[in-house]
Amino acid sequence: MVKVATHSATSPLRHSATDGRPLVGILMGSDSDWPVMEQAVKTLESFGVPCESRVLSAHRSPEHVREYAASAVERGLKVLIAGAGGAAHLAGVLAAHTTLPVIGVPIESKSLKGLDSLLSTVQMPNGVPVATVAIDGAANAAVLAIQCLALSDARLQRSLVEHKRRLTDANLAADQHLPRAKRA
Ligand code: RP5
C-alpha cells in the first residue's frame, strides 16, 4: 500500500493543502517538477480544495504509480493531476489504472522545451484520455480540477463565477491603463 500524508508534513512535496480529506491528487515525476507543480497546489489552496502531493515516476517507481492510481477512488480522491517532463508517461499510466479524470501537465524540458512532454502526455489512445493543459500549465490544471469538483459543489461553483469576474476586472483595468497612444 502506498503511504500518502494527508496533513502538512516537513517536505513540501508530500503534504495536504488543508486539514480536509484530499480531493485532488497531484503527482510529479521528479522533485525538479515541483516549482511548476507548486502552482497547482497554490491554486487549489486559494479555492479551499484539499489536495495531496507526491513524487512518483512512471519509469523510476512504476509499481508505486500503479498502486497509487488503483487505490485513488477508495481513498476519496476525485481528480488526479500529473506533471512530467521529457518522455512524460506519468499521466497516461495513471489514466490506465483509474477511472478518475486525469489532467496532464507537460513540464518544460531542457532539450526540446517541453514539446516532447506535451506530445507524450496528450497523444493518448482512444478510450484512455488525459486532459492535457499547456506546457507548465499547472495552475490551469488546478482550475480544471476545480471545475470538475464544482459540478457537485455549489460553493466551488460560486467561487469559479467570482474567479471569472476577477479575470474580467483585471483585463478591463489593464485596458484602462494602456497608454492613450496605444489604445484604439
Ligand atoms: C521526468 O524527467 C520528470 O518528470 C522530470 O520532468 C524529468 C527530469 O527529471 P530529473 O532528472 O530532474 O529527476 O521523469
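Here are the numbers for this structure:
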| item | result |
| --- | --- |
| Residue count for region 145-154, restricted to those that are surrounded by fewer than 16 Cβ atoms within 10 Å (Cβ to Cβ) and touching a residue at least 12 places away in the same chain (Cβ under 8 Å) | 1 |
| Long-range neighbours under 7 Å by Cβ, at least six apart or interchain, first residue open to solvent by 10 Å² or more (accessible area, probe 1.4 Å) and modelled with pLDDT of 95 or more within region 26-41, second assigned to a helix (DSSP H, G or I) and within 11 Å of the ligand (Cβ to nearest atom) | GLY29/LEU90 |
| Condition met for SER109 (polar (S, T, N, Q), modelled with pLDDT of 95 or more and in a loop (DSSP other than H, G, I, E, B)) | yes |
| Residue satisfying all of: in region 76-94; open to solvent by less than 50 Å² (accessible area, probe 1.4 Å) and either charged (D, E, K, R) or within 11 Å of the ligand (Cβ to nearest atom) (or both); nearest to ALA145 (Cα to Cα) among these | ALA82 |
| Those residues of region 163-182 which are open to solvent by less than 70 Å² (accessible area, probe 1.4 Å) and within 21 Å of the chain's Cα centre (by Cα), in sequence order | HIS163 |
| Among the candidates ALA138, ALA142, residue that is crowded, with 24+ Cβ neighbours inside 10 Å, more than 16 Å from the ligand (Cβ to nearest atom) and either over 24 Å from GLU63 (Cα atoms) or at pLDDT below 95 (or both) | ALA142 |
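The values are calculated or read from the model by the stated rules, or taken from the named source; none is laboratory data. The structure displayed is predicted, hence computed values, not measured ones. Neighbour counts run over all protein chains shown; Cβ positions are idealised from the backbone, glycine included. We work out accessible area using only protein heavy atoms, side chains counted, and drop any ligands, DNA or RNA first. Shrake-Rupley method; radii C 1.70, N 1.55, O 1.52, S 1.80 Å.
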